[in-house]
């Protein structure tokens with residue numbers, strides 16, 4: 001089998017710093033998280049439509065369906081490494097590195113049915129099924145070897161030291177195909193000379209048929225469907241190399257731009273590979289046209305990270321390609337539905353801004369590793385306020401060099417989105433991309449009366465919004481936001497303006513209030529809002545008690561108190577939590593009023609405050625008193641400063 005784990009982060013959408021948007025391929029590909037931290041090997045079971053992933057760090061095998069959805073987790077397999085499926089797909093074999101054994105698992109019940117101890121400290125890690133035997137690579141570094149389990153024997157037996165004279169520098173990576181019986185391929189991957197050894201196993205005992213040193217440390221390998229050739233991936237070469245097993249001569253190579261990491265060959269011979277991708281140009285390559293044509297490239301992992309383990313496989317019918325990407329912290333499963341098709345990179349670039357009803361130009365490109373011909377049809381749709389579900393602008397044609405452009409005159413303003421779709425063909429996937437233009441709109445006239453006006457408490461005031469010329473929308477909203485945290489902003493009216501462009505609402509002014517009118521815009525006129533702040537006084541009155549009569553001095557009414565009677569002043573004011581009234585006394589002397597005392601007194605919850613003003617002790621003293629609400633100083637800011645009327649009184653004997 002092979003060796004690799006997972007690459008870079010999740011295949012999330014790329015971020016773009018400009019207005020140009022690039023479409024992801026339009027397909028039914030599946031991407032989902034998978035609970036695998038380090039996939040040492042991946043095996044596909046076409047009979048049961050399942051995949052098996054060995055996770056050596058978590059000592060488990062994760063079983064999923066073809067969409068990556070978990071079916072089961074098989075635990076208790078210390079440092080499990082290579083996996084191998086029997087030819088009838090009835091048994092899964094696993095090399096349990098940390099327990100010196102190979103186990104057999106029933107693929108229907110997913111339970112262990114047998115185990116084959118390989119010997120103390122043999123640490124088996126590689127498996128291949130060939131000619132009725134399960135072959136395995138074992139050991140560590142130069143203490144490595146080739147062994148087998150004779151499954152056809154009445155009592156399966158384990159045999160070690162079958163390398164036939166080759167001194168392995170690491171456990172051999174093993175490959176075999178029922179299409180080429182009697183042949184077992186062993187790669188000595190962890191030494192720079194990189195020997196490839198082809199064994200003849202037709203007699204039951206391995207005999208070296210041919211061997212050669214090819215150089216480099218192999219990362220992965222896969223046999224061709226006829227079992228006659230092997231395709232290897234390794235560092236140092238920007239290509240996959242295919243060798244003929246009969247003489248280990250190079251047959252062909254598959255060029256890639258970076259070091260190849262994993263390789264898999266489909267039943268029809270299509271070669272797929274992943275590469276290191278340090279420049280983030282694409283990590284998955286499929287050679288649908290063989291080595292003579294460029295590969296279809298996908299970038300499943302936008303971040304570069306090293307690959308480990310055999311983490312890529314074709315489905316049994318060769319229609320899907322399964323790839324793991326990510327890291328030990330976050331692994332993603334990808335099922336590619338059209339792996340042989342070339343992925344088109346579709347880009348659309350529209351102006352960032354444009355005036356309404358003026359012609360603009362949209363540009364773009366559609367490129368692929370296998371270039372598309374000029375004249376390729378592209379469907380264009382414009383989505384705007386007038387056509388929220390999109391309006392077809394017909395078919396545009398791809399020009400030379402994969403570029404295209406077209407003009408349009410947007411009838412509506414605001415955000416206008418141009419979407420370009422390529423339907424795909426027999427060799428290319430479909431693609432969709434879009435870009436948005438902020439198209440200008442006229443600014444409407446919108447006014448609201450009563451800004452800055454002050455009204456008496458509870459006065460009913462008509463607020464009238466006036467909307468000037470618009471296109472289609474003649475509806476406005478009127479909102480009232482009373483001062484104070486206890487009263488939320490509230491929409492008080494919504495409606496169409498009348499023939500004069502007006503809409504009114506009447507409010508009782510018990511608090512200072514910010515009134516706003518909102519026009520949400522239409523296809524030709526931009527949204528707009530305006531605000532008026534109107535102010536409300538409090539309701540305040542002052543009453544005197546314990547006087548013995550009333551009378552007038554000039555035109556002013558006085559309350560008369562005996563000189564030794566205390567004057568009681570009672571204030572009644574609009575209540576608000578924590579509110580205080582300001583009580584002010586003045587004394588009349590030689591034709592002028594002089595300030596006496598000023599003090600704040602807290603209102604009761606009934607809005608009343610009674611204060612004893614004392615007495616003069618002598619006759620002839622004239623005074624006056626009033627209560628006021630002073631914004632902020634009275635304990636709140638929900639009303640405008642309001643002074644009550646003066647109450648006049650005089651002491652007599």
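Bear in mind these aren't lab numbers, they're just calculated from the coordinates by the rules spelled out. Predicted model, so just to flag it, every value in this text is computed and none were measured. Note that we place each Cβ from the backbone using ideal geometry, even for glycine, and neighbour counts take in every protein chain shown.
Each part gets one Cα centre, and for the stretch 109-128 versus the stretch 180-248 those centres are 24 Å apart.
Stokes-Einstein, applied to the Kirkwood radius of the stretch 549-653 over Cα pairs at a viscosity of 0.890 mPa s and 25 °C, places its translational diffusion at 168 µm² s⁻¹. Looking at the P(r) of the chain, how many percent of alpha-carbon pairs lie beyond 48 Å? Across the chain, Cα pairs with separations above 48 Å total 50 percent.
Bridge orientation summary for the stretch 540-652: considering DSSP beta bridges with both residues in this region, about 90 percent are antiparallel.
Between residue 560 and residue 423, residue separation times 0.36 nm minus the direct Cα-Cα distance comes to 39.4 nm. Evaluated on the stretch 80-299, the Kirkwood hydrodynamic radius is 17.9 Å, with distances taken between all distinct Cα atoms.
With N counted as the residues of the stretch 400-467, its alpha-carbon radius of gyration over 2.2 N^0.38 Å works out to 2.33.
Placing a pseudo-label 7 Å from each Cα along the Cα-to-Cβ vector at residue 154 and residue 49 gives an inter-label distance of 4.3 nm. With contacts taken as Cα pairs under 8 Å at a separation of at least 6 residues, the stretch 586-632 carries a relative contact order of 44 percent.
Assuming R0 = 56 Å, what is the FRET efficiency of residue 228 and residue 358, from their Cβ-Cβ distance, to the nearest 0.05? Working from the Cβ atoms, E equals 0.25. A Förster radius of 30 Å combined with the Cβ-Cβ distance from residue 520 to residue 405 puts the calculated FRET efficiency at roughly 0.30. Across the stretch 446-536, counting alpha-carbon atoms alone, Rg and Dmax equal 13.3, 42 Å. Pairs of alpha-carbon atoms within less than 8 angstrom and 6+ residues apart define the contacts here; what relative contact order does the stretch 345-439 have, in percent? Reported as a whole number, the value is 35 percent. At a Förster distance of 45 Å, what's the computed FRET efficiency of residue 57 paired with residue 438, Cβ-Cβ distance as r, to 0.05? Computed FRET efficiency for residue 57 and residue 438: 0.35.
Here the contact order of the chain, divided by its residue count and restricted to Cα pairs under 8 Å and six or more residues apart, works out to 9 percent. Straightening the chain between residue 487 and residue 238 buys 82.6 nm, computed as 0.36 nm per residue apart minus the Cα-Cα spacing.
Subtracting the Cα-Cα distance of residue 379 and residue 454 from 0.36 nm times their residue separation leaves 20.9 nm of extension gain.
Orientation-averaged projection of the stretch 131-220 equals 5.6 nm² [convex hull of Cα atoms, one quarter of hull surface area]. Look at where the Cα atoms of the stretch 426-488 and of the stretch 33-59 average out, and the two centres are 57 Å apart. I'd like the distance separating the alpha-carbon centroids of the stretch 610-648 and the stretch 362-422, in whole Å. Taking the Cα centre of each part, the stretch 610-648 and the stretch 362-422 sit 76 Å apart.
Rounded to whole Å, the principal axis extents of the Cα atoms in the stretch 238-383 read 71, 40, 29, largest first.
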